[in-house]
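The values are calculated or read from the model by the stated rules, or taken from the named source; none is laboratory data. The shown structure was predicted, so the numbers you read here are calculated from the model rather than taken from an experiment. Backbone-built Cβ (ideal geometry, glycine too); neighbour counts: all protein chains shown.
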Amino acid sequence: MTVAPVSPGFSTTVQALRLRDWQLCPGQPTLVIDQFSADDFHMVVDDRADVHINSRDGRFYLGWFPHGRPGTDGEGWKIAVTGTARVPGYHVSFDTETPADIVAAAVARVLETSRPL
């Protein structure tokens with residue numbers, strides 16, 4: 001095993017621990033919300049400024065709760081897909097501090113898996 005030489009300005013501790021700079025803070029929710037078209041989805045902003053988006057068939061739901069979803073401990077995003085009589089659905093939650101582009105990637109993947117009947 002060989003060890004790369006230490007670059008000037010970096011301590012061996014930083015290299016040994018492989019420290020990283022991780023993306024933090026919620027960022028821009030428009031990264032998530034802009035993925036939805038009015039042709040295929042309904043959007044409602046309620047009196048708390050929470051955003052609710054659902055598919056026209058009602059099987060997909062996305063909720064954004066900037067101040068936390070009522071009755072939860074800091075849930076900021078909720079994605080839910082309703083199942084069928086034979087196959088169960090699923091749901092995913094992210095807290096209020098999850099970066100929006102991480103939520104956007106999850107939403108994009110869910111939308112990619114859908115197909116018209």
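Only residues that are touching a strand residue (DSSP E or B) at 6+ places or on another chain (Cβ under 8 Å) and either modelled with pLDDT of 95 or more or at positive phi (or both): list them for the range 1-43, please. Write out each step before concluding.
Taking the range 1-43 as the starting set, the residues that turn out to be touching a strand residue (DSSP E or B) at 6+ places or on another chain (Cβ under 8 Å) are 26, 29, 32-33, 36, 40-43.
Answer for the range 1-43, where residues must be touching a strand residue (DSSP E or B) at 6+ places or on another chain (Cβ under 8 Å) and either modelled with pLDDT of 95 or more or at positive phi (or both): 32, 33, 36, 41, 42, 43.
If the Cβ limit is 7 Å and pairs must be 6+ apart or interchain, which residue in the range 65-76 that is at positive phi pairs with which residue that is charged (D, E, K, R)?
Going by the 7 Å Cβ cut-off, the qualifying pairs are 68/75; 74/95.
Being touching a residue at least 60 places away in the same chain (Cβ under 8 Å) and more than 19 Å from residue 115 (Cβ to Cβ) is the filter; apply it to the range 31-59 and report the residue that is nearest to the chain's Cα centre (by Cα).
Taking the candidates together, the pick is 32.
Given the conditions (1) in contact with a Pro (Cβ under 8 Å, 6 or more places away or on another chain); (2) modelled with pLDDT under 95, which single one is not true for residue 64?
The one condition residue 64 does not meet is (2).
Search the range 60-74 for residues being over 27 Å from residue 116 (Cβ atoms) and crowded, with 17+ Cβ neighbours inside 10 Å, and hand back the single one that is farthest from the chain's Cα centre (by Cα).
69
Could you check residue 46 against (1) over 18 Å from residue 104 (Cα atoms); (2) charged (D, E, K, R); (3) at pLDDT below 95 and say which number it fails?
Tallying (1) over 18 Å from residue 104 (Cα atoms); (2) charged (D, E, K, R); (3) at pLDDT below 95, residue 46 fails exactly one: (3).
Only residues that are surrounded by 13 or more Cβ atoms within 10 Å (Cβ to Cβ) and out of contact with any Gly (no Cβ under 6 Å at 6 or more places or on another chain): list them for the range 78-93, please.
Step one: list which residues in the range 78-93 are surrounded by 13 or more Cβ atoms within 10 Å (Cβ to Cβ), which gives 78-82, 92-93.
Listed by number, the residues that qualify are 79, 80, 92, 93.
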